[in-house]
Amino acid sequence: MRVRLILLAAAVILSACVGSQPEKLPAIEVIFSHYNVSGNHVVEIHEAKGVLVDKKDVRNIYEQPPYPGIHVYAYILGKNLRDVTPVTYVPLSKEGGSIKVYVGFRSPEEVPEKGDLLVVVVDVVEKKDGKFATVATDSKRITWNVSWEK
């Protein structure tokens, strides 16, 4: 009887562990630098690539991101210009040489197909002359190479 009870408890614990694995989602990992040098913003993309990440790592995604801020997004180019991803927002105060963010997708249907070209963009948007404007930008082209079941 004790052996059955121990086996049942072990089965419950194992099934809970298996069920709690984080869900992996496709995203664009972008590593960039941003510095504000005497009021002049400098931004440079160091690396951009397709990855599978934990669902919890894809956050700060907006259709209409807050202003001012650093906005990271991508144009998805396949056979046609298909879409622009949601924007990943980074506060304007964030500075450093290795800022890492993940750009996600709205739905599985919007995930690029293997071989699609993407143009990843980092824009620094600030108020200038009473209006919000892009004051620094960088872009990088990548080829999507992530396999993911939709």
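The values are calculated or read from the model by the stated rules, or taken from the named source; none is laboratory data. Worth saying up front: this structure is predicted, and the values here are computed from it rather than measured. For neighbour counting, all protein chains shown are included, and Cβ atoms are generated from backbone atoms with ideal geometry for every residue, glycine included. Keep in mind that these areas ignore ligands, DNA and RNA; they rest on the heavy atoms of the full protein, side chains included. Shrake-Rupley method; radii C 1.70, N 1.55, O 1.52, S 1.80 Å.
Mean projection of the Cα convex hull over all viewing directions, computed for region 22-150: 8.0 nm². Probe radius 1.4 Å, ligands and nucleic acids ignored: give me the carbon and sulfur share of the accessible area of region 22-144 as a rounded percent. Here carbon and sulfur together make up 48 percent of the probe-accessible area.
What pairs from 100/140; 49/128; 49/100; 49/94 go past 23 Å between their alpha carbons? Those over the limit are 49/128. Normalised per residue, the accessible area of region 104-144 is 56 Å², obtained with a 1.4 Å probe and no contribution from ligands, DNA or RNA. Bridgeable aspartates and glutamates around residue 24 (alpha carbons under 14 Å apart, same-chain partners fewer than 8 residues away excluded): 54, 57, 149. Could you compute the net charge surrounding residue 23? Neighbours are other residues with a C-beta less than 10 Å from the C-beta of residue 23; K and R count +1, D and E count -1. Every neighbour counted, the sum reads +2. Cβ-Cβ distance of residue 57 and residue 95, R₀ of 22 Å, FRET efficiency by 1/(1 + (r/R0)^6): the value works out to about 0.55.
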